[in-house]
Each structure stands twice: as C-alpha cells, then as structure tokens.
Amino acid sequence: MNEIFTIAKKEVMDNWRNKWIIAVSAIFAILTLVISYFGSMGGVGWKDLEVTIAGMITLVTLLIPIIGLMLGYASIVGEREKGSLELLLSYPVKREEVLVGKFFGLSAVMAFANFAGFGIAGVVIAMNVKGVEWSDYLIFILASILLGIVFIAIAMLMSCAFKKRSTAMGAAIFTWFLFEMIWNIIVAGILIAQYGMEKLADKNFVAPSWYYLASLINPVKAYSALVSLNVTPVSEFIGKIPSFVNTPFNLAILLAWMMGSMLLAYYLFKKKDL
Amino acid sequence: MIEAINLRKEYDGIVAVDGISFHVEKGEIFALLGPNGAGKTTTIKAILGLINYEGEIKIDGKNAKDKEIKKFIGYLPERVAFYDNLTALQTLQFFAELKRIKNIDFMALLKEVGLENDAHRKVGGFSKGMLQRLGFAQCLLGEPKLLILDEPTSGLDAIGAYEIRRKIKELNEKGVTILLSSHILSEVQELSHRVAIMNKGKFIAIDSVENLSKRFEVQPKLRIELQHPSKEIMNLVKEIKAVKDVKMDGNILEILCQPTAKLAIINAIEEAGGKIVDFKTVEPTLEEIFIKVVKEDE
C-alpha cells in the first residue's frame, strides 16, 4: 500500500507542477460561468445551478473524456519510451502497484480539477442566484469525476496495450470519437434499419429495450443518463425508459468500464518486457 | 551474490540470451562485455525482473523476482530518465520512499555527486551529465549490497567519470558487489575483477583480464624508443625466436614477443649499434583481448 500511495503522490505532484490541474480547473470554472451567464435557456444573466447543469451536460460529455484520455494515455507507454519505467520497476515495487498508484494519482488530479473548477464556479453562481440546490450540483460533480476516472482507466489500457506513445495517443483519440460519435451512429443506424425513419418520427414511438442497453453501454451515455435520472431539470429519459435503466444500472456500467479496463491493462502490463 | 542458471530470452523468435549460466561472487566487480546486441542489457534486465525469461536467477540465495530483494539493489540504467517536473531532491525523496528508507541526508548524497547546488532545480532542465550524476546518487539510496551499473560514466566529462570510478572502487572496498556493463574497455579493465565477454547471447569467455590474456595469448608489447633507428636493427630483432612481430613507427620500435625475450632484444639492439632512449612494457589491453575473443567466436 505504501508504494501505491508514493506513486499516486508523485503523479499528483508531477501534474501539479506541470500546471495540468490548474489549467483543467480553470477550463471547468470558466465554462461553467460562461454557460450559466450566457446559456441559451432564458437569455443572458445568471441561471440557477440546476439550469446550468442542463446546459453543461453536453459540454462535459465532450470535455471530460478527452481530459481523462490525455491524462492517462502516456502514463505507462510514455514512461516506458522515456526509460523512467525501467528505473521505477527496478525498485521494490510490483507492476500492479505502479498501475494502481498511477490510476489513483491521476484520478485524484481529475477529482481535484472537477471540485476546484466546478466548485469555484458554483460559489460564484450561488452568490448571484437564490435557492441553489447544492445536492444536484454535487451529484453532477461526482458523476463527472466518475466519467473522468473511467476514461483515465481506458487511457491507461491504451498505454499498456501499445509500444509507442504516438500509437497510444492515436488510440485515445479514436476512443474519444468512438464513444462521442461512432457508437451513437451505429446504434441509431441499427434502429433505423429495424424500424424505418417513418416509424421513428412517430411521436408515440417507444424505442425497444435493446436500444437503451446498446446506447448505455457507452460510458458517455451512461454518464448522461446518470445525471439525467438524478438531477431534476435534466430528466430527458423519464417516462420513456425501460425499468432497468436506473441509477445502479448506469453506475454499474461506468464501474464495469473502469474495472474492466484496469484489469485488462494489468494483464497486458504484466506480460510486457521493458 | 548473483547466480543465473540457464537464462534464456527470446524477442519475437530472436534469441537475445541463449541459456547462459554464471555467478557473481559477493564483493566482486564483475563486468559484462560484448558487441551491440550481444545480450548484456537483456541479462541485466532479467536480473532486475524487468523482462519475462526462462531459467532461474537468484540474488543472495533468493529468487530475483522477489520484491524484497530489490531493496538491496541499486541500479543505474544505460539511459537515465527521471520525471521532468520533479526537482533533484524530490526525485531522490520519491525513490527513497519506494525503498522505504528513512533518515537519509539527501543533500549529502547530492553533494557526493556534485549536484548540491541543483537540489531544487527541475530534473527536466538537467544536462545528460547531470542526469547521470543524479542516476548514480539514486542507485546509492539505502546503501545497496549489489550495484548494477549499465554504462556508469556515459555522458560524463573526464573529471566526472574519474569521480564515479573512484566511488565505484570505494564502494567495492566496503563490500558492495558490482555488476558492470560498459563500452569503455579501459574503465572495465581498471575496475573489474572478472569480465564476461558475450556474443550472440552466449558467454564466450569469463575470467580475469590477466587470465584471459594468457588463455587467448594476447601478449605484452615492448615499446622501445631509439636514438637512431635503422632497418638493420629491426631485422636483427625479428630474427629472435620469441619475437612474433616488429613494427617501426618513427623512432619507436613496437615488438610483440614473449616476456622472456626482453634481454635478447636489448642485446640485439646494442649489437647493431642502436642506442635505447626509452623502454616500456605495454601490458595487453582488454580491448585487444575483447577484439580477439569476439573475432575468434565469429
């Protein structure tokens, strides 16, 4: 455990010194404030935190995954390419400890940036509007952190799977496109092929369960659903969704991605020669 | 201290290390030599558990893969790399924490390698020589019993290299076992008790430099400076039975011969009317031994 903590601490220190944490926190704070003030719903002026969340969700689903991927893709392959991993593993530390230590450290960076960025923005908004629902905002922040951590795990898997930093980065970028665009296009395409456009355009059309399942296996969608189900003004699915699409289901999907990616990363890392 | 049995490693079907067995005694300086791709670094990586391999490696009687054994090993890789955003002091603190060593005077350690004024500078801005010095400092953390040094003086200036060699000798005198790999053969000759010459993944010779020179008949050379060199002198020396080769380079006569032939050579030069200005015996170098052994193997 000591080794995991030491490596996690080093990751935080490294990212603090290279200004990653500050940059990401600033991005979150500025975007939240801009959306809250200039957001489309209700014209210009400060909006309630809940309304801000509704405006933020699309942006967060685009931004957090890319930040998670950028934080994690070089964590192993970058050090391997540079040579520092060889030195690190010559110390009394196991590969799984290196992997978990880095994961915890990068997750801490993600959590801090989310709390600092959204927190500062939340305080500014709360100073300008009345009756702020902090619990909704906290759920939004926690879910965003979880999404970020899932993508750190996926990025670490890329980092263990590839021999070159540039290949891992390419894979990370592809992963982002996969979950942000390609996945949705494929699932929607199958739905269209099955029912046809006319039927889909029908107001009373209810999508089949497999569609929800296939959509929500995508961690980005699982995050959106998680926030939608738990934050009052964002409930886009409510009334249409199958009963299995609930908070535990979405949480389980996100956790499965995280655990699955880390286990596979460990398997690949263990086999690697330095 | 180190015992390797039938160590074998293949990379994508290419044999890097081909079933070698060797041991390194406690308190010994043991050098690994070989042309590029001979398997030296693979052997070192196997000892440190950085690669998967076939065979068995024991350090101090315990399995080398045992995590705890690494507490007693200091390693300086060929390509020293640290974390750019950490300072030299933070770097040492990080590695000391991994070894769970407390009460270290980091500044004294940095002073020992000449980096005391750079303790708070980010490692990312260090020159290759400074990185090498910091690398040497990190491998001394926790007073290791075994030091594995891959090109320890690489990137250092003459004074830096001399200081590192002096430190290696000093550590060895205190009982530290050292496994060394270097392309600077004079350095290996100066430091090591035994050398292992590798080629194509196998050991082709393991012994002390002295024994290897005897075994491979790499003989000492005489370098005689003459006041008035002549062909007559050269021919007379060539006629001596124990003389194998004679070369003339300006005023210098370079003679490859058996050590017993010295007196006969001096007499021959004087008989031919030559005047000796200077006389030196040049011992066989590791470089000569190395080249001969590798060429014979190929």
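Things to note:
- When the residues of the range A:239-270 are filtered to those that are assigned to a helix (DSSP H, G or I) and of a type in the set (S, T, N, Q), the one that is surrounded by the fewest Cβ atoms within 10 Å (Cβ to Cβ) is A:247.
- Filtered residues of the range B:88-107 (kept if outside any loop (DSSP other than H, G, I, E, B) and more than 9 Å from chain A (Cβ to nearest Cβ)): B:88, B:89, B:91, B:92, B:93, B:96, B:106, B:107
- Restricting the range A:182-199 to residues that are more than 25 Å from residue A:219 (Cβ to Cβ) and part of a helix (DSSP H, G or I), the residue that is least open to solvent (accessible area, probe 1.4 Å): A:195
- Within the range A:1-30, considering residues that are open to solvent by less than 30 Å² (accessible area, probe 1.4 Å) and among the polar types (S, T, N, Q), the one nearest to the other protein chains (Cβ to nearest Cβ): A:6
- On inspection, residue B:72 passes the criterion of being open to solvent by 50 Å² or more (accessible area, probe 1.4 Å), touching a residue at least 40 places away in the same chain (Cβ under 8 Å) and under 19 Å from residue B:50 (Cα atoms).
- Some residue of the range B:172-191 being free of Cβ contacts under 8 Å to residues at least 60 places away in the same chain, assigned to a helix (DSSP H, G or I) and touching an Asp or Glu at 6+ places or on another chain (Cβ under 8 Å): no
- Hits in the range B:129-162 - residues which are at pLDDT below 90, part of a helix (DSSP H, G or I) and of a type in the set (D, E, K, R): none
- Taken over the range B:44-66, the criterion of being under 22 Å from residue B:27 (Cβ atoms) and open to solvent by less than 50 Å² (accessible area, probe 1.4 Å) is satisfied by B:44, B:47, B:48, B:57, B:59, B:64.
- With respect to being open to solvent by less than 60 Å² (accessible area, probe 1.4 Å) and more than 26 Å from residue B:59 (Cα to Cα), residue B:224 fits the description.
- Among residues of the range A:31-64 being free of Cβ contacts under 8 Å to residues at least 24 places away in the same chain and part of a helix (DSSP H, G or I), the one that is most open to solvent (accessible area, probe 1.4 Å) is A:38.
- Residue within the range A:115-134 that is part of a helix (DSSP H, G or I), within 24 Å of residue A:168 (Cβ to Cβ), touching a residue at least 60 places away in the same chain (Cβ under 8 Å) and under 17 Å from the mean Cα position of the chain (by Cα) present: no
- Residue A:97 vs. criteria open to solvent by 20 Å² or more (accessible area, probe 1.4 Å), within 12 Å of chain B (Cβ to nearest Cβ), in a helix (DSSP H, G or I) and closer than 22 Å to residue B:47 by Cα: yes
- Condition check for residue B:82: open to solvent by less than 50 Å² (accessible area, probe 1.4 Å), part of a loop (DSSP other than H, G, I, E, B), at negative phi and facing chain A (nearest Cβ under 7 Å): yes
- Residue tally, condition within 17 Å of the chain's Cα centre (by Cα) and assigned to a loop (DSSP other than H, G, I, E, B), over the range B:27-62: 8
- Residue satisfying condition, being within 30 Å of residue B:49 (Cα to Cα), modelled with pLDDT of 90 or more and open to solvent by 10 Å² or more (accessible area, probe 1.4 Å), within set A:73, A:91: A:73
- In summary, residue A:215 fulfils each of the numbered conditions (1) open to solvent by 20 Å² or more (accessible area, probe 1.4 Å); (2) of a type in the set (S, T, N, Q); (3) at pLDDT 80 or above with the single exception of condition (1).
- Residue-level analysis places residue B:242 among those that are touching a Ser or Thr at 6+ places or on another chain (Cβ under 8 Å), farther than 26 Å from residue B:164 by Cα and open to solvent by less than 30 Å² (accessible area, probe 1.4 Å).
- All conditions in (1) small (Gly, Ala, Ser); (2) over 30 Å from residue B:295 (Cβ atoms); (3) in contact with a helix residue (DSSP H, G or I) (Cβ under 8 Å, 6 or more places away or on another chain) hold for residue B:242, with the sole exception of (2).
The values are calculated or read from the model by the stated rules, or taken from the named source; none is laboratory data. Nothing here was measured: the structure is a model prediction, and the numbers come from that model. Virtual Cβ from ideal backbone geometry, glycine too; neighbours counted across all protein chains shown. SASA here: full protein model, heavy atoms, side chains in, ligands and nucleic acids out. Shrake-Rupley method; radii C 1.70, N 1.55, O 1.52, S 1.80 Å.
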